Ligand SMILES: C[S@@+](CC[C@H](N)C(=O)[O-])C[C@H]1O[C@@H](n2cnc3c(N)ncnc32)[C@H](O)[C@@H]1O
């Protein structure tokens, strides 16, 4: 796709995300009623949906987009604007024995990533960024015979990766370093093609910045966890995004990775129970403290939920230095938690329509940033979303 098209798409998405932020920005846990009372047809439609229908819609955001577009026609463009071409896969042959011990899905992702990556014979030395045990590095060196420098800050993972590479006589060198450190910059400078599979937030951004600074010839990155950033607000990379008036908090960034829960009925039931308990507790603390602010509780072991709502609230109160009264009306607050859960799901249905737009906007920011620094960039889907929902691949060459 030409750079003009990426820029055009980016502008369109900026326009839609800005204009409709009142629909996607509200945080469902914080609301005791739908924040769109002035949008009556939307609220009426949401009220007709059963929990199972809402779960199905969240998994099929195109259907939500279609419905929303009946009231706001501009939203109809969202599906086309976020359609990313599937990569032209050229199968790479990697000795199956190198995949032994690698979790099945991870190995399949690596094969898809390497098959989707445009071939580049001129690469001399690869950099594997935030390598873990170096599974991707194994794949690329087996496929090309070229050396790989694998950078990972957990020394134990580096040791395991190095041992495996030595046993299999693979030309891999592990570096137990912090990706954000100056020492890491020296490793980057010695490589001409940087690879990153699922390096979170700031980490893959750091690779892009350092690659640009060292004039790296090629970069192939599949970004993930956009919300894992050190600052409170997203720092746009491209000048296009810097001039867009879209300011994103960490909570906003989370929208890009909020997939529908697809773990089967048991996982869905467990999530519903936990969220209902949290919201029921919130209803009580608002009454008790005379507050209209959501009070989040820390994470807990799923097994704690089996002791029931009353016990959950006792635990929650303890966490927050509150005392649950002897006459605490468990049934009342549990029912109120259930009602809040319905509102939360209604809001999640609406937000799901903007999930891909948010992810694509962030990815396009990276694409435009690379283009701005003289790279030719392609953006593709390297695998099916079932294999990993973070399936976008940015490939850039000087
Ligand atoms: C999601 S894993 C991905 C690992 C590997 N690329 C893969 O796909 O299997 C992210 C990796 O980044 C490493 N990591 C996190 N922060 C880091 C940092 N500041 N410097 C270097 N590595 C880091 C983690 O230890 C972890 O192994």
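Read-outs: derived from the displayed coordinates by stated rules, not from any lab. Because the structure is a prediction, the values reported are computed rather than measured. With ideal geometry, Cβ positions are generated from the backbone for all residues, glycine too; neighbour counts draw on all protein chains shown.
Against the chain, whose longest principal axis comes from its Cα atoms, helix 264-289 is set at around 50 degrees. Look at the alpha carbon pairs under 8 Å that are at least 6 residues apart: their mean separation over the length of the chain gives a relative contact order of 23 percent.
For the range 89-146, the Kirkwood estimate of the hydrodynamic radius, built from every pair of different alpha carbons, is 11.8 Å. If you sort the three axes of the alpha carbon gyration tensor as a ≥ b ≥ c, you get a/c of 1.5 or more for the range 352-398 and a/b no higher than b/c, which makes it oblate.
Against the main long axis of the alpha-carbon atoms of the chain, helix 135-144 sits at an angle near 30°.
Dividing the Cα radius of gyration of the chain by 2.2 N^0.38 Å, with N the residue count, gives 1.10. P(r) tail for the range 95-251: Cα pairs beyond 27 Å make up 24% of the total.
Against the chain, whose longest principal axis comes from its Cα atoms, helix 104-116 is set at around 60 degrees.
Rank these for me by crowding, 191, 225, going from fewest to most other beta carbons within 10 Å. Spell out each step's value before the answer.
Details: 191 24, 225 18.
Ranked by crowding around the Cβ, least crowded first: 225, 191.
Rounded to the nearest whole angstrom, the semi-axes of the ellipsoid equivalent to the range 251-312, taken from the Cα gyration tensor as √(5λ), stand at 23, 18, 9, largest first.
In the chain, helices alone account for a calculated mean residue ellipticity at 222 nm of -15500 deg cm²/dmol, with every DSSP H run of four or more residues adding -39,500 (n - 2.57). With Rh defined as the Kirkwood radius, the inverse of the mean 1/r over Cα pairs, the Rg/Rh of the range 287-398 is 1.21.
Classified by the C-alpha gyration tensor, the range 143-190 has an oblate form. Its axis ratio a/c, with a ≥ b ≥ c, is 1.5 or above, and a/b does not exceed b/c. For the range 195-224 versus the range 1-34, the inter-centroid distance based on Cα atoms is 25 Å. The DSSP beta bridges internal to the chain are antiparallel in roughly 35% of cases.
So what is the diffusion coefficient of the range 189-346 in µm² per second by Stokes-Einstein at 10 °C and 1.306 mPa s, using a Kirkwood Rh over Cα pairs? This corresponds to a translational diffusion coefficient of 83 µm²/s. Per-residue Cβ neighbour counts within 10 Å put 352, 222, 150, 245 in the sequence 245, 352, 222, 150, beginning with the fewest. Comparing 258, 173, 19 in a Gaussian network model of the chain (Cα springs below 10 Å), the most mobile by mean-square fluctuation is 19.
With all projection directions averaged, the alpha carbon convex hull of the range 1-160 covers 14.5 nm².
Would you mind pulling out the separation of the Cα centroids of the range 274-352 and the range 39-100, in Å? Distance between centres, Cα-based: 30 Å. Within the listed set 128, 318, 66, the Gaussian network model of the chain (springs between alpha-carbon atoms below 10 Å) gives the highest mean-square fluctuation for 318. Put in line by how crowded their Cβ is, counting other Cβ atoms within 10 Å and starting with the fewest, 335, 220 read 335, 220.
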